[in-house]
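Since the structure comes first, as structure tokens, the remarks are kept for the end.
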Amino acid sequence: MQRAVDHVLAVTKEAVKMITFESLHNIVRLINGLSALLLAIMPGKASILEGMQGWELRPTVRGPRLPRWMENGASSFNHFIHELAVDSDECSSVDYSSEEDNSDDNFSPKTPLSQRSRVLRSTSFGRHDRRRGRRSRCFRFILAWLLFPARLMIGILFYIFRVSPSRSLNVANGSGNQQPKDSSTCKEASTLKDHIVQHATDKRRGVIEDLYLGIEIFIEAVFDLFHKAAHCLLSPLDTAKRLIRWFCFRRSKGKASCASKASVPTTILAEGDPAPTTRTVTFRDSLNTDTRTCRDVITELGYPYEAIRVVTADGYVLLLERIPRRDAQKVVYLQHGVFDSSMGWIANGVVGSPAFAAFDQGYDVYLGNFRGLVSREHVDKKISSQQYWHYSINEHGTEDIPAMIEKIHEVKMSELKSLKPNLEKDGEQPYKVCAICHSLGGAGILMYAVTCRIKEKPHRLSRIILLSPAGFHHDSNFAFKLLEYAFRWLAPILKPLFPAFYIPTRFFRLLLNKLARDLHNYPAVGGLVQTLMSYVVGGDSSNWVGVLGLPHYNMNDMPGVSFLVVLHLAQILHNRKFIMFDYGCRSANIKKYGSPKPLDLGQHYGLIDLPVDLVAGRKDQVIRPSMVREHYKVMKDAGVKVSFYEFEYAHLDFTFSHREELLAYVMSRLLLVAPAPSPKSLKMKYTTSEIVEETR
């Protein structure tokens, strides 16, 4: 009787799993399919998704597919469980195959999970030829939906009556003592084991994948409870014996505790274990998210790393990260833009990252981080959120960058003097610093260079390379102009409510990180989100969805942006000038700048006494090429030694995409300040860019 009950429970459990997973699978496919339909009718999607991979917007509608163990008449629970593992991977894709080729290999677009699914298919079940003519597709689709309930019930009954009780019990009870009878069974077991190990070691899962896993654990727990209850009811003698043993054990344990007040900790070791072993599982690892830091990425790739804490004059604690080359007299300082961090300069690995390219060319590399991480590091540990986020671009250019540049100077002077005591002569700087800045970092470094000259302080820079720099924004799209009006007029109301734009809690940061994984696994949903985000920024085709999956957008920390920084950008757009922050009060501006209006940095570009290289992207809709040209025009009129290049890039392509021609160009500009370079070595050909104009 017990055996029969176990058999029924095992069959019922797997049937419940199959029905639940298939239902969830169909819901996810429906959402992905609807997203594909919406994406197909959206205007301008071709240009927005041009840089993405795997976007074929011609979905082929299919009816519901039964598991292959039903179609083949397989009678093994091992096949059934194996099929569940395959289908759980296949649920992360939707069919985008062309009409001419509707084979099983092209059933889903390429994702990180689809390759594993194809391997499992080929090793266990073979391939099924599903090619049909175009005329029968509509008929097959309707017929599949009409016959799906009947096929499902027939398949379940067919499986129940054909499966052998002994094999079902072995699988249901988790026993693995039976030896495989043939080589095919051994190969199948090995493949399934590899699949389980690979799935268990995968450190990144999305919300849908977690939902599948949670449902499976819940079903297992419920049926395990039913199994134990049935065992207790059908074996009353065993149940009574266990209750008596438990009761006697509790009484003896109570007497022993009363007789001896001192407790001695003991450890029960398994046979053959010389010592107890403990395994530490962190909360981060258990949630299967990518929480690598900049340090993790650099050290994993075999490069040296050093972290330097920098304290600004107003008490903010910044993280200056370094790939050290201590004896180098060439230094490169890289500064990120808005909603970014130092991770952007190393995100493309060894081959495509500017930081690693500069280090390989003999540079001492420093990666700057603006204030604005949700960790809110400050010398005042009790600082409130309103106080911490009370800063504009002014503080980036007059507090953050000066503190980091001075720390670089302090470190390099100390190291070079210890290596070569006679290096410094006549008070000259024994090393040269080149700054590479992107977006908001470009506006900050320009503000730093101008204000240092006004204050008659050394800026210690030898060259500036600006990739799509902020500063001029009057040529913007309608969405940015609408935001400009909203921020300027509603600032008194919005600022107390939203001191900054960031995700404050670990749970929601974790959710965003996992959703980014789901958007990658489900191409149509990801494409829809990509398109909507691109519409907000005027049609910029940067990989916005891919950026959300980068490690610095994780549950532990995440870059944010202050409300005053956004308001400052709105002021720049409205005034059509690169100005410092307008405090909105005549007396406050006079106290800060010595005039009732904020300082116009563009009018002081003539103070810049170092070469500047401006780089624009023709596809950039966040900072359009015309605005980078505005920098160039103002600098050229002021007599600055400036050059201007254009590439076929969108806004994020300067940091988050692997662009060989960009790296070649940046390195050629860095070599201009290297000691005695060969003129021939600086002549480089660029296939996707051309010189617009250059003054030297």
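Which one of these is out of contact with any Gly (no Cβ under 7 Å at 6 or more places or on another chain) and at pLDDT below 90: L511, L461?
Numbers: L461 fails: at pLDDT below 90.
The match here is L511.
Just checking, how many residues over the stretch 375-391 are over 13 Å from D314 (Cα atoms) and crowded, with 17+ Cβ neighbours inside 10 Å?
Of the stretch 375-391, the ones over 13 Å from D314 (Cα atoms) are 375-376, 381-382, 384-386.
Checking the rest, the ones that are also crowded, with 17+ Cβ neighbours inside 10 Å come to 376.
Here the count works out to 1.
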Taking only the stretch 648-675 into account, find how many residues are under 30 Å from G549 (Cα atoms) and either modelled with pLDDT under 90 or under 25 Å from the mean Cα position of the chain (by Cα) (or both).
16
L515 - would you say it is surrounded by fewer than 24 Cβ atoms within 10 Å (Cβ to Cβ) and without any contact (Cβ under 8 Å) to a residue 40 or more places away in the chain?
no
Single condition Y522 does not satisfy, out of (1) farther than 23 Å from L483 by Cα; (2) touching a His at 6+ places or on another chain (Cβ under 8 Å); (3) outside the structural domain of Y448 (by TED's automatic domain parsing)
(2)
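Tell me the helices (runs of 4 or more DSSP H) entirely within the stretch 496-598 that contain at least 1 residues that are farther than 27 Å from R618 by Cβ. Before the answer, list the steps.
Details: elements: 506-521, 523-536, 544-548, 563-575, 586-593.
Answer list for the stretch 496-598: 506-521, 523-536, 563-575, 586-593.
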Are there any pairs, at least 6 apart or on different chains, whose C-beta atoms fall under 7 Å, with the first in the stretch 463-474 and outside the structural domain of L670 (by TED's automatic domain parsing) and the second in a strand (DSSP E or B) and modelled with pLDDT of 95 or more, and if so, which?
none
With the requirement that a residue be closer than 14 Å to L670 by Cβ and either in contact with a Lys or Arg (Cβ under 7 Å, 6 or more places away or on another chain) or not in a loop (DSSP other than H, G, I, E, B) (or both), what does the stretch 346-363 give you?
P354, A355, F356, A357, A358, F359, D360, G362, Y363
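The values are calculated or read from the model by the stated rules, or taken from the named source; none is laboratory data. This structure is a prediction, so every number in the text was calculated from the model and none was measured. Note: ideal-geometry Cβ built from the backbone for every residue, glycine included; neighbour counts use all protein chains shown.
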